[in-house]
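Scroll down for the structure; my scribbles are underneath it.
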Amino acid sequence: MFKRKQLSKNLARRKSELNTSRINKRKYYGLGVEIEKVESVYDKHFDVDAVVDSLEDNIPEVASNTEDVASDAVSRAKILEDDTDAVVEDLEEPFQDSYEKGTRRAFNSQGDSLPAPENIDDRVNDILREQRNYISKLDQDLREKAIEVIRAGVAAGLTKAVIIDNLREELQALKANRSSTVANSEVVKAGVAGTVATFEANGVDSVTWVSSQDDDVCKPGNFRVTINGTTYTSCRELDGESFELPRFPRPLLSSHPNCRCTLVSND
């Protein structure tokens, strides 16, 4: 049993060595452009300067105001520049590109891309429907943060000008952090979904992890993922390892954001 597993592993590694150069020349792994596009969509539709201007118009001079002006000011302020449909429409292109790049990350043992699954538009629409929750959540969280900052400023006896400065800083930090997190995680998920769907559409039973096999491939301790009872902490450890579907590691999602690895069908 041990010898058979070792022979299988050696065969997978030879396939990896033969195909790494050919696969990496295609540069299907990069999702940086799509991540930047998603972040820019959030920047466009959640314009913090416009939000603060809207809040400023609704906040009275609060230094001597004993009422809770925060909830009223925020309820009348415009947080999301356009409606949710407009945001989703702008997100469609980068998410479609991410998904389609994911379909091209699925290779056969000769290093050729497998045929993409049908109904890509339907699959992308499913992904976009999930984005509505993130959009609504960010809108709500910005409102709650604004209320928190205004209340704290009033309680501390701060002037309206200082409260506005605090609002700008706090809301910008929240929006930047949340939009970056969503962009990175959701774009990667969309790409991985395309890869998995392609393997499934082609009836693939098992895959081999292929690293770039250069000096930049991450060393042990870079991440931690456990598959079928075995823990891996780097792309070097995963290189040449074979996994049966559906339990297999996903480049980017299981490894790290800038992962250049891919998966090769063993069929």
Exposed loop trypsin sites (Lys or Arg not before Pro) only (DSSP loop, at most 14 other Cβ atoms within 10 Å): please give the longest stretch of the chain free of them, not including the sites.
79-223
Take residue 226 and residue 33, extend 7 Å from each Cα along the Cα→Cβ direction, and tell me the distance between the two endpoints in nm.
3.9
Out-of-range pairs (alpha-carbon distance over 19 Å; input 101/219; 37/219; 145/175; 145/189; 44/101)
101/219; 37/219; 145/189; 44/101
Stretch gain in nm, segment residue 166-residue 56, where the contour uses 0.36 nm per residue and the Cα spacing is subtracted:
38.4 nm
Taking the Cβ-Cβ separation of residue 110 and residue 245 as r and a Förster radius of 22 Å, what is the calculated FRET efficiency to the nearest 0.05?
0.70
With contacts defined as alpha carbon pairs under 8 Å and 6 or more residues apart, what's the relative contact order of the chain in percent?
27
Under unit Cβ charges (Lys, Arg +1; Asp, Glu -1), what dipole magnitude, rounded to 20 debye, does the chain have relative to its Cα centre?
2280
Give the range of the longest stretch in the chain that excludes all GluC sites (Glu not before Pro) found in loop regions by DSSP and having at most 15 other beta-carbon atoms within 10 Å.
119-267
Could you grab the relative contact order for the range 183-267? Cα pairs under 8 Å, six or more apart, rounded to a whole percent.
39
Kindly provide log₁₀ I(q)/I(0) values, in the same order as q = 0.13, 0.14, 0.16, 0.21 Å⁻¹, from the Debye equation applied to equal alpha-carbon scatterers of the range 167-267.
-0.53, -0.59, -0.73, -1.08
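What does the C-alpha gyration tensor say about the overall shape of the chain? Classify as rounded when a/c is under 1.5, otherwise prolate if a/b is larger than b/c, or oblate.
Taking the square roots of the gyration eigenvalues as a ≥ b ≥ c, the chain is prolate.
Just so you know, all these numbers are worked out from the coordinates, no wet-lab data involved. Computed from a prediction, not measured in an experiment: that's the story for all the values here. Every residue, glycine among them, receives a Cβ derived from its backbone with ideal geometry; neighbour counts consider all protein chains shown.
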